[in-house]
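Have a look at the structure below before the remarks.
The values are calculated or read from the model by the stated rules, or taken from the named source; none is laboratory data. Remember, predicted model here, so these are calculated numbers, not experimental data. Neighbour counts are summed over all protein chains in view; Cβ atoms, including those assigned to glycine, are modelled from backbone coordinates with ideal geometry.
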Amino acid sequence: MNFMIRKPTFLVAALLAISLLGTSARADLIVTVQEDSGAIQTAVDVTGSPTTDLTGGALTVNTADYKISILGGEANQNTTTELLSSTTSITNETGSSGHVLHITITGTGYTAPTTPPPVTVLSHVSGTIAVETTPSTNSLSFQSIVPGASLAVQSPAINGGTTEGTYNSNLTGTTSSLSAPFTLEETLSVTLNDKFDQINYSSSTTLSSVPEPSSMAIAGLGALGMIGYGLRRRKALGA
């Protein structure tokens with residue numbers, strides 16, 4: 001009888017926990033563009049993300065030598081926390097070489113996850129490259145910046161010996177110092193040295209909590225308890 005009384009309470013608590021985990025928190029998304037040490041242009045400034053940023057079309061931004069078409073970006077906080085960016089293309093429009101294009105993607109106002117326990121970080125960048133001359137001398141660097149995490153700069157090769165190619169880079173790390181509210185940032189720097197050289201990229205910075213050993217032990221004991229209850233119930237029914 002006591003078990004039957006507690007069961008609905010347990011179900012209500014579980015459903016409430018699931019509904020809270022599924023609630024989508026909001027963060028702000030900012031994307032800026034800069035060539036060399038020139039003026040910084042704010043390409044995207046969206047308050048109250050998650051968002052697919054624009055109004056359905058790509059946003060085009062021009063610097064002295066580059067054309068940048070931004071498809072989308074999101075600053076999400078659901079069951080995982082992530083900063084996403086997708087640029088359809090970066091093109092050298094003039095043929096002038098040696099100029100570095102800097103793109104910064106910032107998500108602000110995150111409130112979870114926080115430490116302790118430690119938080120794992122996955123930094124990812126990938127895309128395609130099309131060049132006019134092979135081999136090319138183009139370069140790309142990318143970095144996810146997370147409070148308390150020292151993630152290295154990722155420099156996938158984009159100067160292969162073919163006119164078209166792909167690149168992909170993943171890096172993992174942890175932070176033990178993350179309190180709310182916090183900001184996530186991605187920085188991307190690219191140099192395209194020939195006219196009409198073109199690159200596209202997508203990037204993500206994803207955070208997730210590492211279960212504490214004590215929580216894992218409790219979960220394991222709970223599972224063993226349920227197994228034991230099932231065995232006792234089967235014996236009782238068979239008696």
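What's the total number of residues in region 78-113 that are more than 15 Å from the chain's Cα centre (by Cα) and at pLDDT 95 or above?
14
Which pairs do you get when a residue that is touching a residue at least 24 places away in the same chain (Cβ under 8 Å) and surrounded by fewer than 20 Cβ atoms within 10 Å (Cβ to Cβ), found in region 169-187, comes within reach of a residue that is of a type in the set (A, V, I, L, M) and assigned to a loop (DSSP other than H, G, I, E, B), reach meaning Cβ atoms under 8 angstrom, with the pair 6+ apart or on two chains?
Matching pairs, first to second residue: Leu171/Leu151; Leu171/Ala152; Gly173/Leu151; Thr174/Val210; Ala180/Ala112.
Quick check on this structure: which one of Ala112, Ala58, Ala43, Ala39 is aliphatic (A, V, I, L, M) and out of contact with any strand residue (DSSP E or B) (no Cβ under 8 Å at 6 or more places or on another chain)? Write out each step before concluding.
Values: Ala112 fails: out of contact with any strand residue (DSSP E or B) (no Cβ under 8 Å at 6 or more places or on another chain); Ala58 fails: out of contact with any strand residue (DSSP E or B) (no Cβ under 8 Å at 6 or more places or on another chain); Ala43 fails: out of contact with any strand residue (DSSP E or B) (no Cβ under 8 Å at 6 or more places or on another chain).
So the residue among Ala112, Ala58, Ala43, Ala39 that is aliphatic (A, V, I, L, M) and out of contact with any strand residue (DSSP E or B) (no Cβ under 8 Å at 6 or more places or on another chain) is Ala39.
Could you count how many residues in region 90-110 are among the polar types (S, T, N, Q), farther than 22 Å from Ala75 by Cβ and touching a residue at least 40 places away in the same chain (Cβ under 8 Å)? Can you show your working first?
Keep residues of region 90-110 that are among the polar types (S, T, N, Q), which gives 91-92, 94, 96-97, 104, 106, 108.
Restricting the remaining residues to those that are farther than 22 Å from Ala75 by Cβ gives 91-92, 94, 96-97.
Checking which are touching a residue at least 40 places away in the same chain (Cβ under 8 Å) leaves us with 91-92, 94, 97.
Number satisfying all stated conditions: 4.
With respect to Ser141, determine if the residue is over 22 Å from Asp45 (Cα atoms) and in contact with a Phe, Trp or Tyr (Cβ under 8 Å, 6 or more places away or on another chain).
Values: over 22 Å from Asp45 (Cα atoms): yes; in contact with a Phe, Trp or Tyr (Cβ under 8 Å, 6 or more places away or on another chain): no.
Judged against the criteria, Ser141 is not a match.
Restricting attention to region 10-24, does a residue exist that is at pLDDT below 50 and more than 30 Å from Thr114 (Cβ to Cβ)?
no
Here is a check on your reading of the model: is Thr80 farther than 29 Å from Ser176 by Cα and exposed (fewer than 14 other Cβ atoms within 10 Å of the Cβ)? Outline the logic, then answer.
On the way: farther than 29 Å from Ser176 by Cα: no; exposed (fewer than 14 other Cβ atoms within 10 Å of the Cβ): yes.
Answer is no for this residue.
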